[in-house]
Amino acid sequence: MFNRRKEEQRLKQEGRLPPGQSLTMKFPVLHYGPVPRFDPETWDFRVYGEVEEEKRWSWEEFQDLPRTKLVMDIHCVTRWSKFDTEWEGVSVRSLVDEGLITPKPSAHHVLQHCEYGFTVNIPVDVALADNFLLAMHFDGEPISPEHGYPLRGIAGSIPGRDGLLEPYFWKGGKWLRGLEFLDQDQMGFWEQAGYHNRADIWKEERLAF
């Protein structure tokens, strides 16, 4: 406990601990509903909506997409923060830069579609930022089923990087199955339940009221 508090104080002094947050050495599991079953033979990932061409990848095809590794701090709206977490997956920005997907000029928002119809909304600028990733691995291992295997969105903070919108961790959906590019914003599951639409960690945008 003493070491945790000492480390928390260090992170606070470095400006990495957002207001109202506490350091955790664990990785809490929080989600709504049961953990879905994964079948690699039927799983696919779809990108559609305000894009020049709809894309659909099987699990085998998705694993061959360009990979990105990131070290990020993650901050849950339930007030825990975990630092220097290591992720590997597919960057939406890389898919755009390499011409694998092409958003239309009308694309201003992205809706993450997950298993069981769960959704999470983010601005397109967040989806294309360096601190958002379609993650398959955590700390060098496949993400556990409880944390979103085989694929989840990850929204976090890159230490030392300024100028990025840094949302709470719920803005990355578990058990992700698709991205829908939209011309208008559409509230996701938690946003419809009263959570803040933008979710800026530094402004403590937890709830909409």
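Every number here is computed from the coordinates shown, using simple stated rules; none is lab data. Note that the structure is a prediction, hence the values are computed from the model and not measured. So basically every Cβ, Gly included, is an ideal-geometry build from the backbone, and we count neighbours across all protein chains shown.
Structure notes:
- Most positive-pole-ward Cα, 81, 110, 63, against dipole of the range 1-156 from beta carbon charges: 81
- Packing around the peptides 88-101, 181-194, taken as the average count of other Cβ atoms within 10 Å per residue, puts them in this order, highest first: 88-101, 181-194.
- Packing order of peptides 134-145, 25-36, highest average first: 134-145, 25-36 (average count of other Cβ atoms within 10 Å over each peptide's residues).
- Radius 15 Å from Cβ of residue 35, net charge of other residues (Lys, Arg +1; Asp, Glu -1): +1
- Rounded tilt (10° steps) of 2-13 against the dominant C-alpha axis of the chain: 70
- Among (i) 64, 41, 31; (ii) 70, 39, 38; (iii) 52, 35, 33, the entry derived from the coordinates for Cα extents along the principal axes in Å: (iii)
- Listed cross-link partners 174/203; 104/203; 82/171; 12/174; 69/104 are compared with a 22 Å cut-off, the Cα-Cα value being larger for 174/203; 104/203; 12/174; 69/104.
- Subtracting the Cα-Cα distance of residue 116 and residue 64 from their residue separation scaled by 0.36 nm leaves 16.1 nm.
- Here the spin labels are modelled as points 7 Å beyond Cα on the Cα-Cβ line, and at residue 141 and residue 209 they lie 4.2 nm apart.
- The gain in end-to-end length when the residue 22 to residue 125 segment is fully stretched comes to 34.3 nm, 0.36 nm per residue minus the alpha carbon separation.
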